[in-house]
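For reference, the structure is listed below as structure tokens.
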Amino acid sequence: MTQPAASSPARHQDQAGNVRANSSLGQQRNPRSRLWTAGIAASGLPAGLLWWLLAPGGLNLGSGNAALASGANTQGWLARDLVLAGLFVFAGCLVAVLLSGRRDAGSSRTLLLSVGASGVAAVLAWQTGLLAGLWLGGPQDTSVSESVAFSLRSYSVLLLWPAAAACGYFAISVFELLHRPRDGQPPAGDHV
């Protein structure tokens, strides 16, 4: 019995006429996928700035309560974390909805890249908010507590953006699967 010949990687010509070999997995990096991932990660910048604009201890546009404007008021510390948590859940759900509309949404690679980029965006938003508080906020006396300065007290909030993206995509996929017509049955709502 003879051994089968090892197959060589698939080759194709790019626009310049050069011959390139595909990777052993048969996948080629998609520039749209890179742009998608970079867009999610970069969205952390406006999210962090929005956190500083809305949250107590920052510009405090969300509550408008002058008593919460200072970071020395301990009642604003939880609200500051909750504003960031709300922004992260909203952003994660938005990523899930946009991801489910993509043609390559069913690939696990795209889902993993989206969740990973959401994690990067969350850290970037947190650091952007801290930087905005440092540069744009007034000087704070942090001798009593470091939380007087614009900061995040609960670091588990950083997991909400990627978790909302993953859970939201799962929920949308299950909903679409339940409403997909089965073979031989009319679609839901077309009953005679």
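Counting only Cβ charges, +1 for Lys and Arg and -1 for Asp and Glu, the dipole size of region 30-178 around its Cα centre is about 460 debye. Ordering ASP183, ASP104, ASP141, ASP81 by the number of other Cβ atoms within 10 Å of each residue's own Cβ, fewest first, gives ASP183, ASP141, ASP104, ASP81.
May I ask you to derive the FRET efficiency for ALA38 and VAL174 from their Cβ-Cβ distance with R0 = 41 Å, giving the value to the nearest 0.05?
Efficiency at R0 = 41 Å is approximately 0.90.
For ASN73 and CYS167, what is the calculated FRET efficiency with R₀ set at 35 Å and r taken between the beta-carbons, to the nearest 0.05? Could the numbers behind the result be given before it?
Values: r = 34 Å, r/R0 = 0.96.
The computed FRET efficiency comes out at 0.55.
If R0 equals 45 Å, the separation of the Cβ atoms of SER145 and LEU94 corresponds to a calculated FRET efficiency of about 0.85.
Got the relative contact order for region 30-178 handy, in percent, Cα pairs under 8 Å and 6 or more residues apart? Show your work: numbers first, answer last.
Working: 216 pairs, mean separation 51.4, N = 149.
Taking the mean separation of contacting Cα pairs over the length of region 30-178, I get 35 percent.
Taking all C-alpha pairs of region 49-97, those more than 12 Å from each other amount to 58 percent.
Since every read-out is calculated from the coordinates, none of them should be taken as a lab result. This structure is a prediction, so every number in the text was calculated from the model and none was measured. Methodologically, a virtual Cβ is constructed for each residue, glycine included, from the backbone with ideal geometry; neighbour enumeration extends over all protein chains shown.
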